[in-house]
Amino acid sequence: MTGGQLDNDMRKQAANRLSPPNGHDAKFVPFAERLSCTVDEACVVTGLGRTKVYELIGSGQIITTTIGRRRLVIVRSLFALLDATNSV
């Protein structure tokens, strides 16, 4: 076995030890199960632009929290907004 093959084998073994079981990404949480998301993520999942999302935040229809300088959108409020919109 050459040095390069040994290095590759060691990398694979380390990756296997660090990988979550069943091949799942430990950092991946389905969006519906998340507590919060960024404003950009809220724009993507709702299909709304940043200006509209910030208007909805300002009017209280989307709830956010600020930690340090980071603004996080509460995912429940996005579901509530879309639920209210669909029931009309």
Do the conditions hold for Ser19, that is, is it small (Gly, Ala, Ser), at pLDDT below 95 and surrounded by 12 or more Cβ atoms within 10 Å (Cβ to Cβ)? yes
If you scan segment 68-85, which residues turn out to be more than 16 Å from the chain's Cα centre (by Cα) and either over 12 Å from Thr46 (Cβ atoms) or not polar (S, T, N, Q) (or both)? Gly68, Arg69, Ala80, Leu81, Leu82, Asp83, Ala84
Yes/no for Leu56 being modelled with pLDDT of 95 or more, part of a helix (DSSP H, G or I), out of contact with any helix residue (DSSP H, G or I) (no Cβ under 6 Å at 6 or more places or on another chain) and among the aliphatic types (A, V, I, L, M): yes
Contact list please: Cβ distance under 9 Å, first residue in segment 54-82 and farther than 19 Å from Val29 by Cα, second residue surrounded by 12 or more Cβ atoms within 10 Å (Cβ to Cβ) and of a type in the set (Phe, Trp, Tyr), pairs at least six apart or on different chains. Ile62/Tyr54
The correct count of residues that are more than 16 Å from Arg34 (Cα to Cα) and small (Gly, Ala, Ser) in segment 60-77 is 2
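The values are calculated or read from the model by the stated rules, or taken from the named source; none is laboratory data. What you are looking at is a predicted structure, and each value in this text was computed from that prediction instead of being measured. All Cβ positions, glycine included, derive from the backbone under ideal geometry; neighbour counts span all protein chains shown.
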